[in-house]
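Colleague: Below is the structure I would like to discuss, written out as structure tokens.
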Amino acid sequence: IVQMARDAGANKVYLASAAPPVRYPNVYGIDMPTKDELVAHDRTVEEIRALIGCDALIYQDVAGMKRAVGSLNPALDGFDASCFDGTYVTGDIDLEAITRMNGSRPRVEETEEDSSRLALPNPA
């Protein structure tokens, strides 16, 4: 997207997200990438900005997102934001559980091209 904007003549490209950066895998039945496949895992916003090549990158913060959702429904007593904050609501998810789940994921053979995910340079 950044390159498309530049190719169209943009001198500066600013990206803003209404959500916080996705830093942790979702383990509740949604096929999300592993932590090492997430652009925001173990990266600062500045590192993400440099990686994707935009001039400025703005994310909603987790606390602000939770306040916004809570203001829409004051009766809501929390919700799952684990992919943003790493706090899993069931309380039984830890690094060992995530590693075990990732080990059971189907792997693309080295000879096959996996076009479903964007390859990012993420240290293990």
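Colleague: Among the residues of segment 15-72, count how many are modelled with pLDDT under 90, in a helix (DSSP H, G or I) and surrounded by fewer than 16 Cβ atoms within 10 Å (Cβ to Cβ).
Modeller: Final tally of qualifying residues: 2.
Colleague: Could you say whether any residue in segment 31-41 is within 29 Å of R100 (Cβ to Cβ) and small (G, A, S)?
Modeller: We begin by selecting, within segment 31-41, every residue within 29 Å of R100 (Cβ to Cβ); these are 31-41.
Adding the requirement that they be small (G, A, S) leaves 40.
The answer is yes; a qualifying residue exists.
Colleague: Just to be sure, is A16 in contact with a strand residue (DSSP E or B) (Cβ under 7 Å, 6 or more places away or on another chain) and over 17 Å from D94 (Cα atoms)?
Modeller: Details: in contact with a strand residue (DSSP E or B) (Cβ under 7 Å, 6 or more places away or on another chain): yes; over 17 Å from D94 (Cα atoms): yes.
Spelling it out, A16 is indeed in contact with a strand residue (DSSP E or B) (Cβ under 7 Å, 6 or more places away or on another chain) and over 17 Å from D94 (Cα atoms).
Colleague: Take the conditions under 18 Å from C83 (Cα atoms) and in contact with a strand residue (DSSP E or B) (Cβ under 8 Å, 6 or more places away or on another chain) and apply them to V45. Does it pass? Explain how you work it out, then say what you get.
Modeller: Values: under 18 Å from C83 (Cα atoms): yes; in contact with a strand residue (DSSP E or B) (Cβ under 8 Å, 6 or more places away or on another chain): yes.
Judged against the criteria, V45 is a match.
Residue-wise test of (1) touching a Lys or Arg at 6+ places or on another chain (Cβ under 7 Å); (2) on the phi > 0 side of the Ramachandran plot; (3) not aromatic (F, W, Y).
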{"residue": "P21", "(1), (2), (3)": "no, no, yes"}
{"residue": "Y24", "(1), (2), (3)": "yes, no, no"}
{"residue": "E47", "(1), (2), (3)": "no, no, yes"}
{"residue": "M65", "(1), (2), (3)": "no, no, yes"}
{"residue": "Y88", "(1), (2), (3)": "no, no, no"}
{"residue": "I93", "(1), (2), (3)": "no, no, yes"}
{"residue": "N102", "(1), (2), (3)": "no, no, yes"}
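The values are calculated or read from the model by the stated rules, or taken from the named source; none is laboratory data. Keep in mind that this is a model prediction, so the values were computed, not measured. Because the Cβ atoms are built from the backbone with ideal geometry, glycine has one as well, and the counts that use them run over all protein chains shown.
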